[in-house]
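The values are calculated or read from the model by the stated rules, or taken from the named source; none is laboratory data. Remember, predicted model here, so these are calculated numbers, not experimental data. As a convention, Cβ positions derive from the backbone with ideal geometry for all residues, glycine included, and neighbour counts pool all protein chains shown. Heads up: the accessible areas ignore ligands, DNA and RNA and are worked out on the full protein's heavy atoms, side chains in. Shrake-Rupley method; radii C 1.70, N 1.55, O 1.52, S 1.80 Å.
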Amino acid sequence: MNAVPYEIVVGLEVHVQLLTRTKLFCRCDASFGAPPNTRTCPVCLGLPGALPVMNGRAFELALRTGIALDGEIPDRMKWDRKNYFYPDLPKGYQISQFDLPLARNGRLAIEGEHGDGPPRIIRIQRVHLEEDAGKSMHDEHEGRRDSRIDLNRAGTPLLEIVSEPDIRSAREAKAYLTELKLLLTYLDVSDCNMQEGSLRVDANVNLHVRPDASPHGSVIETPIVEIKNMNSFRAVERAIEYEVARQYDEWTATGATRATAPKQTRGWDDREEVTLAMRRKEESSDYRYFPEPDLLPVVVPRSRIDAVAAEMVERPAAIRERLGREWGLDAAAADLIVHQGRAFVAYFVDVARELGDPRRAANWMQQDVLRVLNERSMGIGRLAVAPGELVDLLRRVDRGELTRSRAKDVFQRMVETGRSAVDAMRAMGIESVDRSALEALCRELVDSNPRIVADVKAGKSQAIGALVGQAKRRNPNADPSEVLRICIELIGT
Amino acid sequence: MELTDATATELLGKLASRACSAVELTRSFLDRIARTDSSVGAFLSIDERGALASAAAIDRRRAAGGPLGPLAGIPVAVKDVFCGRGVRSTCGSRMLADFHPPYDATLVARLRAADAILIGRTNMDEFAMGSSTENSAFHPTRNPWDIGRVPGGSSGGSAACLAARQAPLAIGTDTGGSIRQPAAFCGVIGLKPTYGRVSRHGLVAFASSLDQAGPMARTAEDTALLLGVIAGHDPSDSTSARVPVSGYRQALGEPLNGLRLGVVRGQWTEGVERAVASAIERAADLFRELGAELVDVDLPHHAYGIAAYYVIAPCEASSNLARYDGIHVGYRAAAAPRRGPGAAEDDPGAAGDADDSPLIDLYRRSRTEGFGLEVKRRVMLGTFALSAGYQDRYYVKALRVRRLIREDYDAAFQRVDLLIGPTTPTTAYRIGERSADPLAMYLGDLFTVGANLAGLPAISVPCGADGAGLPIGFQLHAPPFQEESLLRAAHQYQSATDWHSRGPELE
Ligand SMILES: [Zn+2]
């Protein structure tokens, strides 16, 4: 695997908006999409004299995340001011956490390089809470140069999750983000909607050029580039791929290293699929952090950490492992089910347990259940078929009351009408056909179709399909495979 | 005796006995302001209409036998640093000359709920930065005892209006002595409560970890009355204390037998005027006569207080004042003129870099034009002291000193109940005397910054006059939330002296 003479080194900074009803330091509605500047108050407008009051729910969600990422939670946490001037920052500082973040030294296990094998551990450097800034909108059309500011978003709670530079490929970056998003949605911490900006990613990328490819025979690090403006996981993957190639080219051309060139910020251009150097922001890089005097440090007693840990939902990694261990699912099936969310997993477990056949349950969940949910773009919580009803349907297939393909139709009907399996079958006129009736039907068909029989006898075995088709028209409940078997017997080839 | 010479407690008695009405009382204070404020300049705005309307409403309610708040009908002057809904609240700054907040500070709301008459807003050093009220963007306030002298600051308007009998009660704020120092200069009482005792919600911040609002009055009894109204926990201020509020007035009459009064003699020797030092000695002696035991104590890190204070306060101020950027609240400079020679020659800060963006240019000009020199000086000091490479040397070190100072007080209060000393090294100085020498001005805060750094309550009480008849005050410090002890000692002292009943000749 030494195709390229360098190692890729990536660290990701992820900001997620927490699922709180109100903002981090005031009672304003934190929801997305209201008309500009209608979700504001003296606190988030930064009016003179207004003071922040911490949203306990936001802290709770942040704590939950820190613990779920196996982070070390300090017993005392404080707030700091990050000072800089920008029009979308009405106070002239952002309340954040600098040297005593909510959690440190966490970890997240992601899928190994080839989808199987041992998981990769990505270390989490820190997790901290901070308030979001507002949004600047620049209107430059028709020769105007207006800037407008919407402060609805100002003060909404953000959780920043910073990984160590442990990520070694674009693919791994995507895997890390996918797993992190899955975890955060399982924890009900964030909806992680990148389109609405509730999940944002910045990537720090550089290369470690191998000694055999470097002029001095030692590892050389290329300058670190921070990539911004990536609006999907796919974009993150593409941007890192692009940046890796660009940095190698640049190093080959200029020989610039991390020691000789400063950190650079580049923006991802999704249409051109390139990263472009960004204009330096009009702000100081010295944020003059100091402890926020308007807020008290938060003391986190061990008992509180234990309580949050005790109430923690089962994490996706643990569920995957359990689906394999207890229900015998392979890694791909377990992963697919886990990705559908907590309720889907619970549904699967109910079906598997009652049916006593986890593989079959998994097949149904992955194919039929998932298909109707996708068709209707709904969650399993709104599925009209209870697990017990699905099990009942599958048992009827086992008892030969209907075929597997008819069962799919019945399931569809159950989803549409909310009826039980037996009611849906009755409404569709499905009843099991007993063997003597089926034999009588086949004999009648063989007798009245001498030409087909002759064709079959002459070796055109596919001609028998016409008999099966006729049988199905005469009695929709007839099992095609049984019809086929009986007809072949009767024709006697 | 005129109504304006009476204390708030006496006035409440007159109102209760219908000896006068709230309207009559309010009218006499408004008249007094009209006659005297052209020479004192204590007020930035006077709400004559609003004051008379609330007074009339209270009179009607009293006549109807309705419920009345503890300050019903008593005028209170409020330092112009608090937000009042729809009330112009300037902080003595051009930056907020047209600021009409959309909300009430908790303190203002509490005064309204107590049925106080909010008679007007008092003058102050811009953003409470200063010790003389000369830094007001509007006009200086003069000391009613000698209008050639400063009233102290930054709550100079509040202290002066009490001395001038323009209001019986006033509110000040104290970040490094801004209540106590003008109280001493004007011969009135000023109490800085424990940090967190009075809500800061709606108090425009100077230095958040030091700012504290407090009552000012001529007697300890009135001070207790006003503190009882404004003190208490406020869920809108995370730093406000959940400690229950005492009945401050109830304890006033208890004798001082057995009180251990700490004397920090080492403090009084250098740089303290003779008249001040001997007035404090006499006050201490009187306390002994009243039953207190005098105990010598030491505050070893006292001398570093000013240095620590003038790092921490500017650091916090530089951040607190960042919001005045010409974009959101406050003064915005007019559209850019072509920069060039001649633009604000007296202020080097006004000359921008040629490659400034229009945004940076707007920031620069709005802040250059909106802030006065002292504010700019402190914003620059604080920005520097927080900068990378300097933060450890200044800000972090100052925090360490702050902790040592607090530990000094903790140790002292193991041995004594209260500490006594001078409030200021000198009596009121002449207007203009120190404005060219900021360092000399800062040293005037030598005895007061300790209480702010340690978060302790402290009070200044009038106790004498120098040869020119200018007031002198002693200062008491108490352990956290022991405002009651401060007020009791002050009241016992005032019961044995008459400094508080003397007033300047103004008319
Ligand atoms: Zn708000």
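Structure summary
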| read-out | value |
| --- | --- |
| Residue list for the stretch A:452-484, filter: charged (D, E, K, R) and surrounded by 13 or more Cβ atoms within 10 Å (Cβ to Cβ) | A:Asp455, A:Lys457, A:Lys472, A:Asp479, A:Glu482 |
| Boolean, A:Glu111 is open to solvent by 60 Å² or more (accessible area, probe 1.4 Å), touching a residue at least 60 places away in the same chain (Cβ under 8 Å) and either within 16 Å of the ligand (Cβ to nearest atom) or within 27 Å of the chain's Cα centre (by Cα) (or both) | yes |
| Which numbered condition B:Arg85 misses (of (1) surrounded by 15 or more Cβ atoms within 10 Å (Cβ to Cβ); (2) touching a residue at least 40 places away in the same chain (Cβ under 8 Å); (3) under 27 Å from B:Ser154 (Cβ atoms)) | (2) |
| Candidates A:Leu102, A:Leu61 - the one that is without any contact (Cβ under 8 Å) to a residue 60 or more places away in the chain, buried (at least 22 other Cβ atoms within 10 Å of the Cβ) and either away from the ligand (no atom under 16 Å from the Cβ) or farther than 30 Å from B:Leu203 by Cβ (or both) | A:Leu102 |
| The stretch A:353-371: number of residues that are basic (Lys, Arg) and surrounded by 15 or more Cβ atoms within 10 Å (Cβ to Cβ) | 1 |
| Single residue of B:Leu290, B:Leu225 found to be in contact with a helix residue (DSSP H, G or I) (Cβ under 9 Å, 6 or more places away or on another chain) and within 23 Å of B:Ile472 (Cβ to Cβ) | B:Leu290 |
| Selected residue (only one of B:Leu259, B:Leu286 is over 26 Å from the mean Cα position of the chain (by Cα), buried (at least 21 other Cβ atoms within 10 Å of the Cβ) and touching a residue at least 24 places away in the same chain (Cβ under 8 Å)) | B:Leu259 |
| Any hit, the stretch B:172-185, residues being within 14 Å of chain A (Cβ to nearest Cβ), buried (at least 24 other Cβ atoms within 10 Å of the Cβ) and either free of Cβ contacts under 8 Å to residues at least 12 places away in the same chain or touching a strand residue (DSSP E or B) at 6+ places or on another chain (Cβ under 8 Å) (or both) | yes |
| Pick from the stretch B:88-101, criterion open to solvent by 10 Å² or more (accessible area, probe 1.4 Å) and in a loop (DSSP other than H, G, I, E, B), ranking: nearest to B:Asp115 (Cα to Cα) | B:Arg88 |
| Residue among B:Arg121, B:Arg142, B:Arg197 that alone is among the basic types (Lys, Arg) and more than 21 Å from B:Val229 (Cα to Cα) | B:Arg142 |
| Subset of the stretch A:7-56 [more than 15 Å from the ligand (Cβ to nearest atom), out of contact with any Lys or Arg (no Cβ under 7 Å at 6 or more places or on another chain) and charged (D, E, K, R)] | A:Glu13 |
| Residue match in the stretch A:21-41 (condition: surrounded by fewer than 19 Cβ atoms within 10 Å (Cβ to Cβ), in contact with a Phe, Trp or Tyr (Cβ under 6 Å, 6 or more places away or on another chain), in a loop (DSSP other than H, G, I, E, B) and not hydroxyl-bearing (Ser, Thr, Tyr)) | no |
| Residue check for B:Ala113: within 18 Å of the chain's Cα centre (by Cα), open to solvent by 10 Å² or more (accessible area, probe 1.4 Å) and away from chain A (no Cβ under 14 Å) | no |
| Complete set of residues in the stretch B:371-389 that are more than 13 Å from every other protein chain (Cβ to nearest Cβ) and assigned to a helix (DSSP H, G or I) | B:Leu373, B:Glu374, B:Val375, B:Lys376, B:Arg377, B:Arg378 |
| Output for the stretch B:262-280, where each listed residue is under 25 Å from the mean Cα position of the chain (by Cα) and in a helix (DSSP H, G or I) | B:Gln267, B:Trp268, B:Ala275, B:Val276, B:Ala277, B:Ala279, B:Ile280 |
| Residue within the stretch A:261-269 that is surrounded by 19 or more Cβ atoms within 10 Å (Cβ to Cβ) and either among the charged types (D, E, K, R) or within 26 Å of the chain's Cα centre (by Cα) (or both) present | yes |
| Of all residues making up the stretch A:164-213, the number that are over 16 Å from A:Gly112 (Cβ atoms) and over 18 Å from the mean Cα position of the chain (by Cα) | 13 |
| Test: residue in the stretch A:274-282 that is closer than 30 Å to A:Arg342 by Cα, of a type in the set (A, V, I, L, M), touching a Lys or Arg at 6+ places or on another chain (Cβ under 8 Å) and more than 14 Å from chain B (Cβ to nearest Cβ) | no |
| Given (1) at pLDDT 95 or above; (2) among the hydrophobic types (A, V, I, L, M, F, W, C); (3) more than 16 Å from the ligand (Cβ to nearest atom), index of the condition A:Met1 fails | (1) |
| Filter result for A:Arg419 (farther than 23 Å from A:Val349 by Cβ and either surrounded by fewer than 15 Cβ atoms within 10 Å (Cβ to Cβ) or of a type in the set (Val, Ile, Thr) (or both)) | no |
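Listed here are the residues, each with its yes/no results for (1) surrounded by fewer than 23 Cβ atoms within 10 Å (Cβ to Cβ); (2) in contact (Cβ under 8 Å) with a residue 60 or more places away in the chain; (3) out of contact with any Gly (no Cβ under 9 Å at 6 or more places or on another chain); (4) under 23 Å from B:Glu273 (Cα atoms).
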| site | (1), (2), (3), (4) |
| --- | --- |
| B:Thr423 | no, yes, no, yes |
| B:Thr426 | yes, yes, no, yes |
| B:Arg430 | yes, yes, no, yes |
| B:Leu439 | yes, no, yes, yes |
| B:Pro462 | no, yes, no, yes |
| B:Gly467 | yes, yes, yes, yes |
| B:Pro471 | no, yes, no, yes |
| B:Glu484 | yes, yes, no, no |
| B:Trp499 | yes, yes, no, yes |
